[in-house]
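Participant: Quick one: the structure is below, and I'll ask about it shortly.
The values are calculated or read from the model by the stated rules, or taken from the named source; none is laboratory data. What you see is a predicted model, and the numbers here were worked out from it, not measured in a lab. Neighbour counts are summed over all protein chains in view; Cβ atoms, including those assigned to glycine, are modelled from backbone coordinates with ideal geometry.
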Amino acid sequence: MIKNWFFLFFALILISCNSHNKFRVTGQVANATNETLYMEHNGLLSTVVMDSVTLDSDGSFSFSAPQPAYPDFYRLRIGSQRIDFAIDSCEKITITANLKNFSRFYTVEGSQTNKDIFALKQSLSQVQEQVDALNPEMPTYQREKRIQLIEQALEVHKAKSRALILKNPRSSAAYYAIYQKLSSNYIFSPYVKSDKPYCGAVATAYNTFMPEYVRSKNLYNLVLDAIKTDRQQKNDATWKEIINNSSTGYIDISLKDIHGTTQKLSSLEGKVVLIDFSSFGMESSVA
């Protein structure tokens with residue numbers, strides 16, 4: 001009897017340990033009898049099916065998977081409709097939806113991060129609806145007015161996103177906010193001056209706390225490239241301005257020659273000129 005209790009206790013410990021290394025997604029999809037529900041890993045470069053289930057009349061489902069090494073993104077999918085969610089640890093979240101509006105109207109419990117992601121999706125969906133309603137056959141004045149309203153609505157949405165990013169740049173919701181798309185176009189870009197601080201905040205947070213994570217490296221390198229590109233453009237513009245303001249077409253340097261007389265580069269046109277830049281105070285100076 002004691003031996004049986006010992007094995008039962010040991011089995012419970014094993015089950016508990018295993019469950020602690022997994023996350024669970026449970027819920028219900030109404031009006032989806034015989035539909036196939038997929039759980040997929042939404043990776044940086046590809047999407048992979050992890051599990052699936054054929055829903056019965058009750059619509060209940062339950063998926064579990066190993067805890068990711070870093071916060072990562074997944075999705076539930078029926079046909080072309082999908083629900084995106086993030087997993088930060090071995091948590092349990094519950095999603096309730098209806099097949100008719102599966103990807104738009106659903107509830108998520110057990111994760112504030114996923115509630116934030118849901119709020120962003122709802123807000124951006126309203127902007128997308130306005131974009132989809134644009135008709136090329138509209139009168140020009142009407143179309144321009146609609147576009148103006150869309151731009152205003154998008155700015156309101158971006159303000160919500162910026163506030164979420166600043167609240168916790170390290171969160172999965174902040175990362176999700178940076179990569180939101182409107183009609184397949186990213187709404188944030190590190191190459192845009194007004195967006196750069198927010199992309200930089202998330203990139204810095206991820207690189208600081210998760211430097212080996214592939215998402216951290218990818219975003220950090222993207223922001224670094226944007227900074228380098230911006231600096232190069234500024235340098236090019238500066239040199240172009242200097243040259244354009246010079247009637248010679250080049251930078252008209254003025255320096256003293258070996259006799260102490262100031263010479264302009266333009267005064268030596270047609271001659272072979274050697275300009276030697278030396279720092280006489282340096283040990284390596286040959287002068």
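Participant: Has the stretch 176-195 got any residue that is out of contact with any helix residue (DSSP H, G or I) (no Cβ under 6 Å at 6 or more places or on another chain) and in a helix (DSSP H, G or I)?
Facilitator: no
Participant: From (1) in a helix (DSSP H, G or I); (2) more than 16 Å from the chain's Cα centre (by Cα); (3) touching a residue at least 60 places away in the same chain (Cβ under 8 Å), pick out the condition that doesn't hold for Ile150.
Facilitator: (3)
Participant: What number of residues within the stretch 82-112 are hydrophobic (A, V, I, L, M, F, W, C), in a loop (DSSP other than H, G, I, E, B) and within 16 Å of Tyr176 (Cβ to Cβ)?
Facilitator: 0
Participant: Check Leu219, Leu255, Leu274, Leu224 and return the single one that is at pLDDT below 95 and closer than 23 Å to Leu45 by Cα. Talk me through it step by step, then tell me what you get.
Facilitator: Values: Leu219 fails: at pLDDT below 95; Leu255 fails: closer than 23 Å to Leu45 by Cα; Leu274 fails: closer than 23 Å to Leu45 by Cα.
Checking each option against the conditions leaves just Leu224.
Participant: Follow-up question, since we're still on this one. If I filter the stretch 44-58 for residues that are closer than 30 Å to Ala205 by Cβ, touching a residue at least 40 places away in the same chain (Cβ under 8 Å), surrounded by fewer than 14 Cβ atoms within 10 Å (Cβ to Cβ) and not β-branched (Val, Ile, Thr), do I get at least one hit?
Facilitator: Yes, that holds for at least one residue.
Participant: If only one of Glu91, Glu109 is among the charged types (D, E, K, R) and surrounded by 14 or more Cβ atoms within 10 Å (Cβ to Cβ), which one is it?
Facilitator: Going through Glu91, Glu109 in turn, just one is among the charged types (D, E, K, R) and surrounded by 14 or more Cβ atoms within 10 Å (Cβ to Cβ): Glu91.
Participant: So Asp51 ticks every box in (1) closer than 30 Å to Gln126 by Cα; (2) within 32 Å of the chain's Cα centre (by Cα); (3) at pLDDT 95 or above but one. Which box is left unticked?
Facilitator: Evaluating Asp51 over (1) closer than 30 Å to Gln126 by Cα; (2) within 32 Å of the chain's Cα centre (by Cα); (3) at pLDDT 95 or above leaves (1) as the failure.
Participant: Within the stretch 95-115, can one find any residue that is β-branched (Val, Ile, Thr), touching a helix residue (DSSP H, G or I) at 6+ places or on another chain (Cβ under 6 Å) and farther than 22 Å from Pro71 by Cα? It would help to see each step written out before you state the result.
Facilitator: Of all residues in the stretch 95-115, those β-branched (Val, Ile, Thr) come to 95-96, 107-108, 113.
Narrowing the set further to residues that are touching a helix residue (DSSP H, G or I) at 6+ places or on another chain (Cβ under 6 Å) leaves 108, 113.
Going one step further and asking which of them are farther than 22 Å from Pro71 by Cα, we end up with none.
Taking every residue of the stretch 95-115 in turn, none turns out to be β-branched (Val, Ile, Thr), touching a helix residue (DSSP H, G or I) at 6+ places or on another chain (Cβ under 6 Å) and farther than 22 Å from Pro71 by Cα.
Participant: What residue, among those in the stretch 134-189 that are hydroxyl-bearing (Ser, Thr, Tyr) and modelled with pLDDT under 95, is surrounded by the most Cβ atoms within 10 Å (Cβ to Cβ)?
Facilitator: Here the answer is Ser183.
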